[in-house]
Every structure is written in structure tokens, then in C-alpha cells.
Amino acid sequence: MNAVLPPTLIDGKAAAARVLAEVGSEVLTLKASGIAPALAVVLVGQDPASQVYVRNKVLRAEECGIRSLEHKLPAETQEADLLALIHSLNADDSVHGILVQLPLPAHIDETRVLQAIDPLKDVDGFHAENVGGLSQGREVLTPCTPAGCLRLLQDTCGDLSGQHAVVIGRSNIVGKPMAALLLKAHCSVTVVHSRSTNLRELCRQADIVVAAVGRPRLVDADWLKPGAVVIDVGINRIEEDGRSKLVGDVDFDSALTRAAAITPVPGGVGPMTIAFLMKNTLAAARLQHPATGLPLSTVENPA
Ligand code: GUN
């Protein structure tokens, strides 16, 4: 890593297109053995951002030959009715992946819902069985955003062994599984968060920074060691110069002056999340049909 060279812009769109092409051809192989992978996406309520995410997931699934089933439920849906839907999808052999879009309305217990999903169909990797499996270093269905970030890092840096990675943020969706994946890839991992007292100093020690904290442009050049590789998971909408903009957790222009490689927002991590959802759906279909003999391998890791 050399900060004297111009920084590499990590192109998440191109990387996602490669992953989707891999998935598309593996879907054809699976279909040839009589299995048509299918993903059920459940949306409760009308949150505009969630509606966009769900539409994109369904479109992407169709593009790579995965059948998608959309279940749109009203915001007033009772938890028992949502659980009944999940149980029926669990029992349906033609459905391989189940995704319940978060956040759920406040009257529904998120943990109870996520725990109701069959772990073999849990394409988000949020069930405790899969969370535990990941922390034990087992091959399980793994959360899509951190899996996508790891792929970007491996494509950019190659072997990550011995690198010091600092993960900013400790959410169940990104920060915690990201830390587990980086450990599995033989990094030394530090997790920092909003209550850490010396965020900037800790971050400055990092070879790899993954920012997933939801604070617009928190990380600037001053937080980075020269030559650091920066993955920006943040998607923050701000008003600036009289218009609405999407910015990451990293001050991109400032970070460019120090980083060896960096993801833009948008066009960095975002497209990889959906691509890994498709990879997980394929992996879930294989898990449910072990006789195909095809490997799970959603996340490539050196032994
Ligand atoms: N809401 C924001 N990110 C995610 C995600 O990765 N999965 C689900 N199910 N909901 C989300």
C-alpha cells in the first residue's frame, strides 16, 4: 500500500456485476439439476427507503434467474400474522431464501421474527444459529453487507492476513459480523463505536478501515494512516448547498488525500449487498439440497 500512488477507487458496481454473473451461471447449473432457486421478500409497512430496497432486491433476483416472491403487508399487521407467514414460507419446499426487510413497525418484536426464520433459509444471516456459526468460524449464511465488504477488500488487497482492521460501528447488521469475517480472514480487529473515547487515534492505526456508524463524513484524512484501505458503508442523506445529497461516513474528498484505496458513496458497498443476497439465496438452495454436492462457499476465505 503506497499513499504516493493515486488512490484506487474501489468500484462496487463492477464488483457486484462480477458476483451477479457468477450467481447467474451457478443458477443455471442448479436449474439443470432440477432446483429453481427462489427468494421470498417480506415488507411490512410503507417505509419509502425499504420499498426501494425491496424493489431492487426483487429486480436483481429476476436478472440472475432467481424466482422472487414479494409479500407486502400493511403496517398494522399483527406479529402473529407475520409469524404465520414465516412458518408457511419455512414449510414451502419451493422457497429457499426468506428475507424480512428491517426495520419492522415498533409493535413487532424483531428478534422473535428473525428467530422464526429457518436458519437454512435465513439469507440475511441474522438468526442466532447463523450469528453463532459465524463467530465460531463455521461456513454459514452470512450477512450480505459485511460479506460484500470482505469481497471488496480481498479483490483490492488480496490476502488480508495480519492486517489491522478497525471497524467503526457495532450493529448486528454490519459492525459485529464484519469484525467476525475479518477475524476469520486472519486480520487483527478493533471495533470502535460512538462511545469509544479515542476513535480517531485508534482509527489512525488501521491498515483497513470499515466505517459503518451512520454519521455523515465522520472520518476524514486526519483519521487515516497513509496508505489505509477504506470501506465506507454509510448512506446518509444530508441537505447541502440547497439540495439533498447522499454521503458516506467518510469525507471522501479529504480521505482521498491519504487512502491507498476507497469506496465511493453511492456506487461502493451498496451494490455488493444485493449481489451477496443473491449469492446467499443460491447457497441456501444448495444447503436445502445437499445431494447436489455443490459447495456453500458464499465467502471465500483462505484456510
Ligand atoms: N435493512 C437495512 N439493511 C438490511 C439488511 O441487510 N437486511 C434486511 N432484512 N433489512 C435491512
(message) Can you tell me which residue is farthest from V100 (Cα to Cα) among those in segment 45-63 that are touching a residue at least 24 places away in the same chain (Cβ under 8 Å), assigned to a helix (DSSP H, G or I) and open to solvent by 20 Å² or more (accessible area, probe 1.4 Å)?
(response) E63
(request) Filter segment 2-39 down to the residues that are in a helix (DSSP H, G or I) and open to solvent by less than 10 Å² (accessible area, probe 1.4 Å), then identify the one that is farthest from the ligand (Cβ to nearest atom). (result) L30
(request) Taking the options G248, G227, name whichever one is within 28 Å of R55 (Cα to Cα) and buried (at least 16 other Cβ atoms within 10 Å of the Cβ). (result) G248
(request) Please find, within segment 144-191, the residue that is least open to solvent (accessible area, probe 1.4 Å) out of those that are within 16 Å of the ligand (Cβ to nearest atom) and charged (D, E, K, R). (result) R151
(message) Looking at V100, V131, V123, can you tell me which residue is under 17 Å from the mean Cα position of the chain (by Cα), within 15 Å of G175 (Cα to Cα), within 14 Å of the ligand (Cβ to nearest atom) and of a type outside the set (G, A, S)?
(response) V131
(request) State whether one or more residues within segment 282-292 are open to solvent by less than 40 Å² (accessible area, probe 1.4 Å) and either in contact with a Cys (Cβ under 6 Å, 6 or more places away or on another chain) or in a strand (DSSP E or B) (or both). (result) no
(message) Show the residue pairs meeting these rules: Cβ distance below 9 Å; 6+ apart or different chains; first residue within segment 17-38 and of a type in the set (S, T, N, Q); second residue assigned to a helix (DSSP H, G or I).
(response) T29/T292; S33/A291; S33/T292
(message) Would you confirm, using the coordinates I've provided, whether V42 is buried (at least 16 other Cβ atoms within 10 Å of the Cβ), modelled with pLDDT of 95 or more, β-branched (V, I, T) and assigned to a helix (DSSP H, G or I)?
(response) no
(request) Sort out which residues of segment 227-250 are over 25 Å from K176 (Cβ atoms) and charged (D, E, K, R), and write them in order of number. (result) E239, E240, D241, R243, K245
(request) Give segment 134-143 a look and list any residue that's more than 13 Å from the ligand (Cβ to nearest atom) and surrounded by 20 or more Cβ atoms within 10 Å (Cβ to Cβ), or say none. (result) L134, V140
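The values are calculated or read from the model by the stated rules, or taken from the named source; none is laboratory data. This is a predicted model, so every value here is computed, not measured. Please note: Cβ atoms are built from the backbone with ideal geometry, for glycine as well, and neighbour counts cover all protein chains shown. Each accessible area value is taken on the protein alone, full model and side chains, heavy atoms only, with ligands, DNA and RNA left out. Shrake-Rupley method; radii C 1.70, N 1.55, O 1.52, S 1.80 Å.
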